[in-house]
Every structure is written in C-alpha cells, then in structure tokens.
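Student: Can you keep this structure in mind? I'll have questions shortly.
The values are calculated or read from the model by the stated rules, or taken from the named source; none is laboratory data. Every value quoted in this text rests on a predicted model; they were computed, and no experiment measured them. Here the Cβ is made from the backbone with ideal geometry for all residues, glycine too, and neighbour counts use every protein chain on show.
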Amino acid sequence: MGGLELWQSMGVALAIGLLIGAERERDRPGRTAGVRTFALVALIGSVAVQVPTVVAVVLCAGVVLLVVAGYVVSEDEDRGITTETAVIATLGLGALSHTAPAVAVAVAVTTTVLLVSRENLHRFVRETVTDQERSDALVFFVAAFVVLPVLPSGEVGPYGAWVPQRIWLLVVLIIAISWVGYAATRLLGARRGVMIGGLAGGFVSGTATTGVMAARARRREVPVRGALAGALLASVATLVQLAVVTSLVDSRVTVRLLPAIVAGSVVMVAEAWWLGRSVRGEDDAAAAGRPFAIVPALVLAAIISIVLPVALWLQDRYGAAGALAASATAALADVHGASVAMTTLVHTGDLSLATAVAAIGAGLATNTLGKVVVGAAGGGARFAGALLLCLLPAIAVVALALALA
C-alpha cells in the first residue's frame, strides 16, 4: 500500500472511531470508553494490519484486556456490554478500513444507527412485536437461511422437472412478500380498513382473501362496497405477485405479461378507489392477524411440484393443448404455482414462450372464476354477481393485452 493510500485508510479508521465514539460519549458520558478511546482503538486496528502478526496479536489482545478490565471495575448499575462490544467492533472496522474502506464506513454507519436507536429498538421488541410475529420470523429465517442453502440445485424427478432449491426459493419469496404486506398494514395503523387488509391478504392468497371479504360483508361487519374494494385489491396483489414470481424464473415471460398485469391492475385499483370512498373509519378486524401463513407457501411448492411433471407429460403426449389444460386446472388452486411451472418450462426450453403466455392467461381466467365461486360461497349470489361485474372490465383489458402479446 502506497503512502497516500495508507494515510487515507488511517483517516477512514479515525473517522469511524470518532463517529462511533461520539455516539457512545453522548449516550454514556463518563463511561470508560469515550470518543477519544474509540478513535484510538480504530487507529490501533488500522495499525495492526500494517505490522507483523505477533505485534498485531499483542495490540488486539491489549485492547480486549483493557475492555474486560474496564467492565470489571465499572460501578455502573446498568452493566450492559453494548459499549464494550462496540469497542471490539471499532477495532475490527479500523482494520477493515485498509482492505475495504467503503464497506468499513457502511458498517460503521449501520453500527451507529443501531446504537442511536436503542430505545426505539427496545420498545419495538418488547412492546410492539407480538409473540406470533417473533414465531413467524423464526419460521422465515429457518426457511430462508437453513432449508434453502441445503436443498439440491440440480434437476431431479420425472423428466428432470424439479429443481428443489428454485422451488423453495419461490416459497421464501412468497413468505417475504406476505411479510411486506403485513408490515405495511402495521405501519399504516394495523386496522386502516378492508382495502389495506385486502391488499395485504392478497399477497398471501387472493382467493382466500376474497372469501373472507365476502363472508364479512354477509355478516355486515363491513359495507359491501368496502368488501368488494378489498377483494379487487386482493386480485391486484395476485397480478403483482405474478410479475414477481415469473421474473424470478424467466424475465421473458414477465415482459410478455407486463402490459396485461399493468392494465388489469390499473382498472381494479380505480374501481377499488371508487368503491372505497364509501368506507369510513377504521376496521379493527381488517388487518392481517399474523405476518404470514406458511401453509399457502407450502401449498405453492406442492402445486409446482405436481404441475411441472404433469405439464411435461401432457406436453409430451398432447402438445401445447396439454400444457394449457394443466395450467388452467392447477390455477384453480393457485395461479402462481401454475404460472411458475409454465415459466420454468420456458426457461428449460421445454415450452414455447407463446404457449406459456397463453397457458398463464388460461390460468388467470380459471383463478378468477374460482374467486367468484368463493365469493358466492362466502357472501351469496348478490355479492358474487357484484364481484363479477367489477372484475369483467379487468378481465377484458387483460385478455386484450395478452392477445396482443
């Protein structure tokens, strides 16, 4: 490392120490480690990278011993270890400033934000986050960081149709999208009304959310117009989610679908806004009861796993008509699973792009029919009829856009 680069990296280390130390000085005045201590520790970390290994070990060990000694002799009743941990982190960041200064600065800023946000974080964890949310967060972390990495990434099963890691990645994505919808509901007051509840619930299951809206309208828990607005926004969530999951597999399919997705979403959002004007006040029960439901995500994985080999078999035996039939039937249960299956076949070269788009369109049609049927079961024939009338304009523009595509 040249002389100028050496001085620049040491300057970065000093800035990191001053940044973190200033926050600790303001938060814990009079403690063992203040702004000067943090600045010196960062410089020690910077120097440790430039000296022989034995000297570096002695320097780092000395810092650790001083931190431990300061903690032992401290008479502070609130003897947390946040400051001591921050000192060790500053030592490491000082060393990192030589090899990756941009990363070191970014981590230092993140560390400072965490330290500044102590009260807010404590209040959020202790008072805001529920036991159900913590439990669901653990499920998500296990699914994303424990199960996903160990799954096979190669093709297995009949026709080589299954790529377990890719299928499970979509499950994780569905869970993450559901979490975002739930978080948005919480941030907007958690009980803003059926429209927010419909949009958030639609990311978990548009069909199930439609049934819930219909049932609540029948029980007069919400106005019928509000329930229809919520059901429409659930369908908007279905279209948005369709764009996301297909883009993860093959963006060519998403590009073909995008005009239809945008057109249908615009029409339904406009209708929902018009219907939602009659909804007043807040509806406590409209908010999602938990961050996400793992069962719909697992159902998605099961549907994909079943549809892929079946579609390949139908494609092999009956050509494009077989793929259309497989997609339309599977979409009655979950349009995303069927659509991902078709998109996967395009990605592997087993199905043409045009056939896949047509199959996804057929799946959207049967899925919409399923929502109307569920609406009739939950809210009666009048609700189902009103829902169908609201959906017809969106169906028309989606069909036109797909035909043009």
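Student: Hey, can you tell me all the residues within segment 350-405 that are farther than 19 Å from LEU275 by Cβ and among the charged types (D, E, K, R)?
Tutor: Scanning segment 350-405 gives a single hit, ASP350.
Residues are listed down the side, and each one gets a yes or a no for (1) at pLDDT below 90; (2) in a helix (DSSP H, G or I); (3) of a type in the set (Gly, Ala, Ser):
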| residue | (1), (2), (3) |
| --- | --- |
| ALA217 | yes, yes, yes |
| ALA229 | yes, yes, yes |
| PRO259 | no, yes, no |
| SER265 | no, yes, yes |
| ILE306 | yes, yes, no |
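Student: For a quick check of your reading of the model, give me the residue pairs whose first member lies in segment 215-237 and is more than 16 Å from ALA384 (Cβ to Cβ), whose second is in a helix (DSSP H, G or I) and of a type in the set (D, E, K, R), with beta-carbon atoms closer than 6 Å and at least 6 apart or on different chains.
Tutor: VAL222/ARG216
Student: So ASP350 ticks every box in (1) of a type outside the set (Val, Ile, Thr); (2) surrounded by fewer than 16 Cβ atoms within 10 Å (Cβ to Cβ); (3) not in a helix (DSSP H, G or I) but one. Which box is left unticked?
Tutor: (2)
Student: Report every pair of residues separated by at least 6 positions or lying on different chains whose Cβ atoms are under 8 Å apart, first residue within segment 135-155 and assigned by TED's automatic domain parsing to the domain that holds GLN165, second basic (Lys, Arg).
Tutor: Pairs found: ASP136/ARG290; SER153/ARG166.
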